[in-house]
Amino acid sequence: MNPPTLKKGKEIKLPSHVLDLTFGFGNQLYAACLDGGIYEVSTVTKLLTKPWREIARHDNFASGVHWSTPCECLISSSYDGDLKWLNPSAEGKGQSLKAHNFWSWQSRLSPDGRLVASSTGQYLCGGYRYEPAPETESSVKVFDLATRELRHAFSHTPPVQSVAFSHDGRLLAAGNLMGEVILWDLADGGKEIARIKTPDFTGWGIIKGHYYTGGVFALHFAPDDQSIYLAGMGSTTDPAAGNGKQLWQRFSWAGGVKKIGEAASGEIGEGLMETLTFHPKGEWFVMAGRLFKGDWNAALFDHQSGARLHHENVGFRISTSAFADDGRHLYLGGGVNQGRPEEANEWGRVVIYEVG
C-alpha cells in the first residue's frame, strides 16, 4: 500500500477560531467556534454573501458540536457549562441543560448517537507542589440525549480536558492536565477498569511562572478498542511559549497498563497537539495542533508501526479534525493570527484536504 498523502483544496474563513466540527444530515458541515457561535458551513457554495450561517449561540466559547442521527439534532457544548439541543432548520431555537458549573472542556458523542459525554474542572492550586485541588463537581458526566437525564457521573482530578468513547460504545475514557487517563466500562455500571498515568504530557513552568500546563488534549481508541491513543504536548520549560515536543502515546490495559507506542523523536518538532483522529479504514491517523518549532503541525501516522507517513505545515493553529465518511477528505479546523484586528472577524479557518 502506498502511503497516504494530503492535497490542499478549499480554505474557508469563519468569524472565529474553530474548536470542533461535525457532519450532520446530508453531510452538512457544522462548526463550534471561540466566539460562542454554532455555524452551518457551506463547503461548495456560499450561503448568501458568506460561506457560513449562525444557527445558535452560547454565552462563552463553544467547545463542541455533534450530530445525533437517532435524535435528528445537533448537540453543542460550551465554556458556559451548557449543553444545547439544536434543530439546524430552526435558527436560534433549542433547549439547554446545565451540565457543569465550570467549563465543558470537551464533549463527545457515543457511536450510536444516544449519549453525550462532557468533561470539566478548574485548575486550582491544592498544595505547595501546585498539584490541582480536588474537584468540586463530577469531572465527567454522561447524558442520555433522548431523555436529557444524567446517566453517569465520574470523579477525576481536574481539569479533565479530553474524553472519548470506544467504537463499540462500551468504554469511556477521560484525560486530565496531569497526564492521567481513566477508563470506565459503561456496560458494567460505569466500573473503572484501568488508570493510565504518564508524566510526559504535563509541563511544569520554571521560567515565567510556577504551575502545571499542557495535559492530554485528545483521546482516541484504536480500531479494535484494545488500546488507546493520547495526544498533547511533552514537558516544557516555558509553558507560555508552548515549546514542549509534539507527542502521541499509545497504551494497552489488558493484563496491566502498558505503553506500546509513541511518536518517534526524529519525526516530531515542538508544539501543542490538540486533535487526533483515525481515518475511517483504521490503518492510520492524523495528529494536528499548534506549531512552535519544526516542519509540521499536521501529520499522518501508521497505526501498526507508529511511523510518520506524511506531514504538512498548515499555516495556522489546528484545534479539531474530521474525516468525511468515505475517507476521501480531511477537514481541519482552527484559527489564524489569534484574532488580530487585520483579520476583521474572520480569523476562523476550515481547510479541506483531499486524501490520496
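Numbers at a glance
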quantity: Phi to ³J(HN,Hα) by Karplus 6.51 cos²θ - 1.76 cosθ + 1.60 over segment 214-221, Hz, x for Gly, Pro; calculated: x, x, 8, 8, 8, 10, 8, 6
quantity: Under-5 Å amide H pairs with Ala56, H placed in peptide plane, nonlocal only; calculated: Ile38, Gly92
quantity: Virtual paramagnetic centre 7 Å along Cα→Cβ of Cys71, amide N under 15 Å, in segment 102-123; calculated: 107-119
quantity: Isotropic mean projected area of the C-alpha convex hull, segment 205-356 (nm²); calculated: 10.4 nm²
quantity: ³J(HN,Hα), Karplus 6.51/-1.76/1.60, whole Hz, each residue of segment 115-123, x for Gly, Pro; calculated: 10, 10, 10, 9, 10, 8, x, 10, 7
quantity: Qualifying lysines (Cα of each under 22 Å from Cα of Lys245; at least 8 residues distant if same chain); calculated: Lys197, Lys208, Lys258, Lys259, Lys293
quantity: Percentage relative contact order, the chain, counting C-alpha pairs under 8 Å, at least six apart; calculated: 14 percent
quantity: Sorted largest first, extent of segment 104-143 alpha carbons per principal axis (Å); calculated: 44, 14, 11
quantity: Under 5 Å, built H, 5+ apart or other chain: amide partners of Ala194; calculated: Leu183
quantity: Amide H partners (placed H, <5 Å) of Trp103, local residues excluded; calculated: Gly121
quantity: Separation in nanometres of the label points that stand 7 Å from Cα toward Cβ, at Asn101 and Ala324; calculated: 4.6 nm
quantity: Burial order of peptide ranges 94-100, 83-89, 118-124 (average beta-carbon count within 10 Å, highest first); calculated: 118-124, 83-89, 94-100
quantity: Fraction of alpha-carbon pairs over 32 Å apart in the chain - percent; calculated: 25 percent
quantity: Phi to ³J(HN,Hα) by Karplus 6.51 cos²θ - 1.76 cosθ + 1.60 over segment 255-262, Hz, x for Gly, Pro; calculated: x, x, 5, 8, 7, 10, x, 6
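Since every read-out is calculated from the coordinates, none of them should be taken as a lab result. What you are looking at is a predicted structure, and each value in this text was computed from that prediction instead of being measured. Cβ: placed from backbone, ideal geometry, glycine included. Neighbour counts: every protein chain shown.
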